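A.B. asks: I'd like to ask some things about the structure below.
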Amino acid sequence: MKILVFTEKPFASAASKAIAETVNASGNELELVEYGTREDFFKAIADAEALIVRSDKVDAELIDAAPKLKVIVRAGAGYDNIDLEAASRHGICVMNTPGQNSNAVAELVFGMVIMMCRNQYNGKSGSELKGKNLGIYAYGQVGRNVARIAKGFGMKIEALDKFVKDEIMEADGVKPLHDIKELFSQNNFVSLHIPATSETKQSIGYDLVMMMPQNGVLINTARKEVINEEGLFKALQERPDLRYVSDIKPDMSEEFEKEFASRVFFTPKKMGAQTAEANFNAGVAAAEQSIAYLKNGWNKFQVNKL
Ligand code: 3PG
């Protein structure tokens, strides 16, 4: 059966090689399309039984054009790029690969935070992380890795996640919070790890950001859609002490960069999971999960209803 790997942002070559070896060893056939156009996507998906993607958009039109497709695996955590309803309508199982790229994203949080706290290395005196308060919004796999690393820096850590029990956070030395206002008003650094859903989109804006203590830094390695950009812009205008770092440019990036050059930083492409290790882990997991689904319906990480 044909397993199609379609990625606009390619895997590291060692990861692509390992994916190919995994698929070949299973007796399935691999087609790898990197930097493909939408036209290429339609062509390649027409006879594929399995599809592996990263943040690549898989909409209803593409799914309709894939009559043989049985499973879609998102090599990564967030699956807001996949039309789950369209997949369900066609009886296609959608899975993600939870945890496989989370350390990479968590490490980038600190890469961006330190760069901002050291004034983008411009020679001016900066500040340290030790003893500062860090608020983690969503205590999933990435949030937990952020907490683990933050402990090494000697930070005080709090987290908010209505789906995670207090005991789990407490066992990690993290103080559980139950009110988003506390998260923003009590922490020098707030790191976002919420998925982009109808509930979270546009949910972080002016009111919350304005609650942050002096010299607060908002860190977004989640999705640009969770930010209300106009609200954040206004908050940064009114509070010259606040800073914002994001792993992907906001839609208003030009305005932000023009107005607040020294107080914002955006990666040009989403870079959180872009390490050799994360590519390898997520890519091979996606290949193994696709193979197992095709073989015997293994669906441990299914995220849609069938
Ligand atoms: C994820 O949801 O796993 C991360 O945002 C990484 O996305 P990427 O695979 O497009 O880099």
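The values are calculated or read from the model by the stated rules, or taken from the named source; none is laboratory data. Quick caveat: nothing in here was measured; it's all calculated off a predicted structure. Ideal geometry is used to build each Cβ from the backbone, glycine not excepted, and the neighbour counts take in all protein chains shown. Accessible surface areas use protein heavy atoms only, side chains included; no ligands, DNA or RNA. Shrake-Rupley method; radii C 1.70, N 1.55, O 1.52, S 1.80 Å.
A.B. asks: Could you give the accessible area per residue of region 143-248, probe 1.4 Å, as a whole number in Å²? Please list the in-between numbers first.
C.D. replies: Values: 4820 Å² over 106 residues.
Accessible area per residue: 45 Å².
A.B. asks: Here's a follow-up. Give the aspartates and glutamates reachable from residue 295 as a straight Cα distance under 12 Å; neighbours fewer than 8 places away on the same chain don't count.
C.D. replies: Of all the aspartates and glutamates, those that pass the test against residue 295 - Cα under 12 Å, at least 8 places apart if same chain - are 49.
A.B. asks: Still on this structure: Full extension from residue 121 to residue 261: what is 0.36 nm times the residue separation minus their Cα-Cα distance, to one decimal in nm? Working shown, then result.
C.D. replies: Numbers: separation 140, 0.36 × 140 = 50.40 nm, distance 1.34 nm.
Full extension of this stretch gives 49.1 nm more.
A.B. asks: For the chain, state the average projected area of the convex hull of the C-alpha atoms over all orientations, rounded to one decimal in nm². Show your work: numbers first, answer last.
C.D. replies: On the way: hull surface 64.7 nm².
The number I arrive at for the chain is 16.2 nm².
A.B. asks: With springs connecting C-alpha atoms under 10 Å apart, model the chain as a Gaussian network and identify which of 14, 77, 66 has the largest mean-square fluctuation.
C.D. replies: In the Gaussian network model the winner is 14.
A.B. asks: Considering Cα pairs under 8 angstrom that are at least six residues apart, work out the relative contact order of the chain and quote it in whole percent. Can you show the working numbers first?
C.D. replies: Values: 629 pairs, mean separation 64.0, N = 306.
That works out to 21 percent.
A.B. asks: Relative to the present Cα-Cα distance, how much length would full extension add between residue 178 and residue 130 at 0.36 nm per residue of separation? Walk me through the numbers on the way to the answer.
C.D. replies: Working: separation 48, 0.36 × 48 = 17.28 nm, distance 2.46 nm.
Full extension of this stretch gives 14.8 nm more.
A.B. asks: Something else about it: Could you work out the relative contact order of region 1-77? I mean the mean sequence separation of Cα pairs under 8 Å and 6+ apart, divided by the number of residues, in percent. Don't skip to the answer; put the middle values down first.
C.D. replies: Working: 118 pairs, mean separation 29.0, N = 77.
It comes to 38 percent, rounded to a whole number.
A.B. asks: With every protein chain in place, what's the accessible area of residue 39 (1.4 Å probe, Å², nearest 10)?
C.D. replies: 150
A.B. asks: Using 1/(1 + (r/R0)^6) with R0 = 30 angstrom and r between the beta carbons of residue 59 and residue 299, what's the FRET efficiency to the nearest 0.05?
C.D. replies: Working: r = 22 Å, r/R0 = 0.74.
Calculated value: 0.85.
A.B. asks: So what is the relative contact order of region 183-306, in percent, for Cα pairs below 8 Å that sit 6 or more residues apart? Walk me through the numbers before you get to the answer.
C.D. replies: Numbers: 168 pairs, mean separation 23.6, N = 124.
Worked out over region 183-306, it gives 19 percent.
A.B. asks: Also: Quick one: which of 151/175; 175/234; 57/201; 43/70; 151/269; 234/269 span more than 19 angstrom between C-alpha atoms?
C.D. replies: Values: 151/175 13 Å; 175/234 30 Å; 57/201 17 Å; 43/70 17 Å; 151/269 28 Å; 234/269 25 Å.
Long pairs (Cα-Cα over 19 Å): 175/234; 151/269; 234/269.
A.B. asks: Using a 7 Å offset from the Cα along the Cα-to-Cβ direction at both residue 253 and residue 80, what is the distance between the two label points in nm, to one decimal?
C.D. replies: Computed distance between label sites residue 253 and residue 80 equals 1.6 nm.
A.B. asks: For the residue pair residue 9 and residue 202, what label-to-label distance in nm results when each label sits 7 Å from Cα along the Cα-to-beta-carbon direction?
C.D. replies: 2.5
A.B. asks: Heads up, I need the accessible area for residue 47: 1.4 angstrom probe, whole protein in place, Å², nearest 10.
C.D. replies: The value for residue 47 is about 70 Å².
A.B. asks: Moving on. Within straight cross-link reach of residue 224, meaning Cα distance under 16 Å, which aspartates and glutamates are found once same-chain residues fewer than 8 apart are removed?
C.D. replies: Here the aspartates and glutamates satisfying the reach criterion relative to residue 224 are 56, 80, 199, 247, 251, 254, 255, 257.
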